[in-house]
Amino acid sequence: MRKSLKSSGFTLIEIILVIALFSLAFGFILVSITRPKSQADIRAAEDQIYFALKEAQNLAMVGSTGGSSSAESHGVHFEQNKIVIFKGASYNLSDTANLETTFEPSISISPINLPSSNIIFSKLSGEVQNYSGAQNNFALTESNTGQTRAFTINQYGRVTIN
């Protein structure tokens, strides 16, 4: 009489194949989840920079209600991971009226090709003070995807994003 070698369970090749398929599926899911977040992060930073520049320009042209009855220069200071809206003809780190916006860790501004890393708008006219066509741009980069947005500002404060 012959004994049957019937066994229950899975072979090593079947287990390896299933693990490989799950790993592959997990990889696709992970990429699908992180890509939209990276795109949303750079888009949000792009919008924040654009609106900070417009806010500083508007404050320079019409003044603010923060105790000042007349318009005065306002600007935006740029650092690698943040921007700061400030009042006056130069950036003062210790001014409590500064409005700071910090970006997600994957977002950076570099290179910053602006005079003293600042864009300053003249009071009443809203034009860029000390404008130089050679120093009027910076780049925004999202490190996870390598996406980059190039910002250029003309003498009238018009922002172009590419």
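The values are calculated or read from the model by the stated rules, or taken from the named source; none is laboratory data. Source: prediction; values computed, not measured. Cβ sites come from the backbone with ideal geometry, for glycine too, and all protein chains shown count toward neighbours.
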Pick from region 16-62, criterion of a type in the set (Ser, Thr, Tyr) and in contact (Cβ under 8 Å) with a residue 12 or more places away in the chain, ranking: farthest from Ile109 (Cα to Cα): Thr34
Residues being under 18 Å from the mean Cα position of the chain (by Cα) and either surrounded by fewer than 16 Cβ atoms within 10 Å (Cβ to Cβ) or among the small types (Gly, Ala, Ser) (or both) - total across region 114-143: 3
Selection within region 89-117 - out of contact with any helix residue (DSSP H, G or I) (no Cβ under 9 Å at 6 or more places or on another chain) and touching a residue at least 40 places away in the same chain (Cβ under 8 Å): Ala89, Ser117
Qualifying residue in region 45-62 (condition: more than 22 Å from Arg149 (Cβ to Cβ), among the small types (Gly, Ala, Ser) and over 23 Å from the mean Cα position of the chain (by Cα)): yes
Residue ranges of strands (runs of 3 or more DSSP E) in region 86-162 with at least 2 members under 11 Å from Gly75 (Cβ atoms) and in contact with a His (Cβ under 6 Å, 6 or more places away or on another chain): 118-121
Where Gly63 falls short, out of the listed (1) closer than 30 Å to Asp95 by Cβ; (2) modelled with pLDDT of 90 or more; (3) among the small types (Gly, Ala, Ser): (2)
Single residue of Phe86, Phe138 found to be under 19 Å from Gln57 (Cα atoms), of a type in the set (Phe, Trp, Tyr) and touching a residue at least 60 places away in the same chain (Cβ under 8 Å): Phe138
Condition check for Glu79: charged (D, E, K, R), surrounded by fewer than 13 Cβ atoms within 10 Å (Cβ to Cβ) and either touching a Gly at 6+ places or on another chain (Cβ under 7 Å) or free of Cβ contacts under 8 Å to residues at least 40 places away in the same chain (or both): no
Yes/no for Glu72 being surrounded by 13 or more Cβ atoms within 10 Å (Cβ to Cβ), closer than 19 Å to Ile161 by Cβ and either modelled with pLDDT of 95 or more or not hydrophobic (A, V, I, L, M, F, W, C) (or both): no
Lone qualifier among Ile85, Ile161 - being among the β-branched types (Val, Ile, Thr), on the phi < 0 side of the Ramachandran plot and surrounded by 14 or more Cβ atoms within 10 Å (Cβ to Cβ): Ile85
